[in-house]
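The values are calculated or read from the model by the stated rules, or taken from the named source; none is laboratory data. Everything numeric in this text was worked out from a predicted model, so none of it was measured. Positions of Cβ are backbone-derived with ideal geometry, glycine not excepted, and every protein chain shown enters the neighbour counts.
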Amino acid sequence: MIKVAVHAEDPITCMGLVGPLEANPQFVLSAAAPGVEVDVMVVSVETVNAATMELLRELQTPSVRFCLIVDNSWHADYSTAAEHGVRAALWRAEFTPAKFIDVIRRVNRGWADFPSSLQGGLLDHVHRVQRDVLTPRGLTASGLSAREINVLRLAAEGYVIAEISQELCYSERTIKNIFYGLMKQLNLRNRTHVVSYAIRSGLI
């Protein structure tokens, strides 16, 4: 069962979104209100902008994922939207009950679903952040430094501390300190745990 809430200022729009959900026994409807815990919250807006982000902030809970139904345009920062839990968007002009249900299921699985017209902007945004913010600071999109990524990649390939030190031209103490810093930063137990986490999380 997927617990879903719908927020729309227009009652007719709200009824149109609730209808397909009520007709499907997989969904349990809940009220869309601050502090209400649901799996997916559907929010219908005319334009995605700063006011939309404020609304999501009011409705946000630790585990909720938002699916936005958008009338016409997107004028919000992609990073801010992601931080507020936005995981999908559907243009109203492209709305069908079947597509709507499919998007809700995808979001509940932890996936993202955005129109192709937004995906280009999202990728451009990621590129700009990498180029203008992260790279000048020696960081990657994961928040780890290039040096940390290189150490983890070699460790995952079976290199021991001495071999990593030789390969990267760092002292063994430096390599050990890198591992210690990663264990502390990621709250992990040991080097093996760090490498395993990095592989599972797609960091290397």
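Just a few scattered comments:
- C67 meets all of the listed conditions (1) assigned to a helix (DSSP H, G or I); (2) crowded, with 20+ Cβ neighbours inside 10 Å but one, namely (1).
- Tally, over region 113-172, of residues that are at pLDDT 85 or above and either acidic (D, E) or within 30 Å of F95 (Cβ to Cβ) (or both): 8
- Checking every residue in region 68-77 against the condition of being in the same structural domain as I12 (by TED's automatic domain parsing), touching a helix residue (DSSP H, G or I) at 6+ places or on another chain (Cβ under 7 Å) and at pLDDT 95 or above gives at least one match.
- Test for V86: is it in contact with a Cys (Cβ under 9 Å, 6 or more places away or on another chain) and either hydrophobic (A, V, I, L, M, F, W, C) or in the same structural domain as V45 (by TED's automatic domain parsing) (or both): yes
Yes/no per residue for (1) among the β-branched types (V, I, T); (2) under 16 Å from V103 (Cα atoms); (3) under 22 Å from the mean Cα position of the chain (by Cα):
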site	(1), (2), (3)
P20	no, yes, no
V42	yes, yes, yes
A51	no, no, yes
L55	no, no, yes
L59	no, no, yes
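- Close pairs from region 77-91: first within 14 Å of G121 (Cα to Cα), partner surrounded by 21 or more Cβ atoms within 10 Å (Cβ to Cβ) and not aromatic (F, W, Y), Cβ under 6 Å, at least 6 apart: A89/L68; A89/V70
- Helices (runs of 4 or more DSSP H) within region 132-204 that include 3 or more residues on the phi < 0 side of the Ramachandran plot and touching an Asp or Glu at 6+ places or on another chain (Cβ under 7 Å): 161-168
- Scanning region 28-43 for residues that are more than 18 Å from E54 (Cβ to Cβ) and loosely packed, with under 13 Cβ neighbours inside 10 Å yields A31, E37.
- Flag: A76 matches the condition of being assigned to a loop (DSSP other than H, G, I, E, B), surrounded by 14 or more Cβ atoms within 10 Å (Cβ to Cβ) and not β-branched (V, I, T).
- Residue match in region 83-106 (condition: modelled with pLDDT under 90, in a helix (DSSP H, G or I) and under 19 Å from the mean Cα position of the chain (by Cα)): yes
- Residues of region 14-50 that turn out to be in a helix (DSSP H, G or I) and touching a strand residue (DSSP E or B) at 6+ places or on another chain (Cβ under 8 Å), as a count: 5
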